[in-house]
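**Student:** The structure is given below, and queries will be raised subsequently.
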Amino acid sequence: MENFFYNDKFYRDIEELSEDLDDIQEENDIKELPEDYKIVVYKSSLEQLVYFDVDWFFDNIDEDRYSEQRSDEEATQIQKALIDSIDFDKLNKQIPQLHYPTREEAFITKEDLLKYYQE
């Protein structure tokens, strides 16, 4: 299994996780575990850190400088300026992506740990 979260910490693989498991440091430790042993982990999804679009800019304009009482004409001018000046597709493709936990559970079993140590 690759790219998952355990106890709110991100792991790239079982090897990284095994380094943090105090009670499992060697293959013999794993063999002593009960046959139904399993660790609940959460799958991850690779997502963009932030996604920029025209709405993002409007949501982040300082309200003291640009109040809710703005005219439609001002909003249209700003929107046009942003669209004409920024290649949002190009910008968003360059934004880093990170792994974030999902709510989808997965399990690392005794068998998974044994396979890792036997490789």
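Bear in mind that the values in this text are calculations on the coordinates, not laboratory data. These numbers were taken from a predicted model, which means no experiment stands behind them. Counting neighbours? That spans all protein chains shown, and the Cβs are built from the backbone with ideal geometry, glycine included.
**Student:** Along the charge dipole of the chain, Cβ charges K/R +1 and D/E -1, which of Gln77, Ile30, Met1 sits furthest on the positive end?
**Tutor:** Gln77
**Student:** Something else: Got a sec to turn the phi values of region 80-95 into Karplus ³J(HN,Hα) couplings, 6.51 cos²θ - 1.76 cosθ + 1.60 with θ = phi - 60°, whole Hz, x for Gly and Pro?
**Tutor:** 5, 4, 5, 5, 6, 9, 10, 8, 4, 4, 5, 4, 5, 5, 8, 6
**Student:** Note down the magnitude of the dipole of the chain about its Cα centre, charges +1 on Lys and Arg C-beta and -1 on Asp and Glu C-beta and zero elsewhere, to the nearest 20 debye. The partial results should precede the final answer.
**Tutor:** Working: 13 positive and 34 negative charges, 75 e Å.
Charge dipole, the chain, about its Cα centre: 360 debye, nearest 20.
**Student:** Let me ask another. Return the whole-Å distance between the Cα centroid of region 76-107 and the Cα centroid of region 8-47.
**Tutor:** If we compute the Cα centre of each part, the gap is 33 Å.
**Student:** Give the relative contact order (percent, whole number) for the chain; include only Cα pairs under 8 Å separated by 6+ residues.
**Tutor:** On the way: 120 pairs, mean separation 51.1, N = 119.
Worked out over the chain, it gives 43 percent.
**Student:** From the phi of every residue in region 31-40, what ³J(HN,Hα) in whole Hz does the Karplus formula 6.51 cos²θ - 1.76 cosθ + 1.60 yield, where θ is phi - 60° and glycine or proline is x?
**Tutor:** Each residue's phi maps through the Karplus curve to give 4, 7, 6, x, 4, 8, 4, 7, 10, 8 Hz.
**Student:** Using helices alone, I'd like the mean residue ellipticity at 222 nm for the chain: each DSSP H run of four-plus residues gives -39500 (n - 2.57), total over residue count, nearest 500. Each step should come with its number before you reach the end.
**Tutor:** On the way: 6 runs with 48 residues, N = 119.
Computed mean residue ellipticity for the chain: -11000 deg cm²/dmol.
**Student:** Just going by the charge dipole of the chain, with Lys and Arg at +1 and Asp and Glu at -1 on Cβ, which of Val50, Phe10, Ile39 is farthest out on the positive end?
**Tutor:** Val50
**Student:** Expressed as a rounded percentage, what relative contact order does region 1-42 have, with Cα pairs under 8 Å and six or more residues apart?
**Tutor:** Numbers: 29 pairs, mean separation 15.9, N = 42.
About 38 percent, as a whole number.
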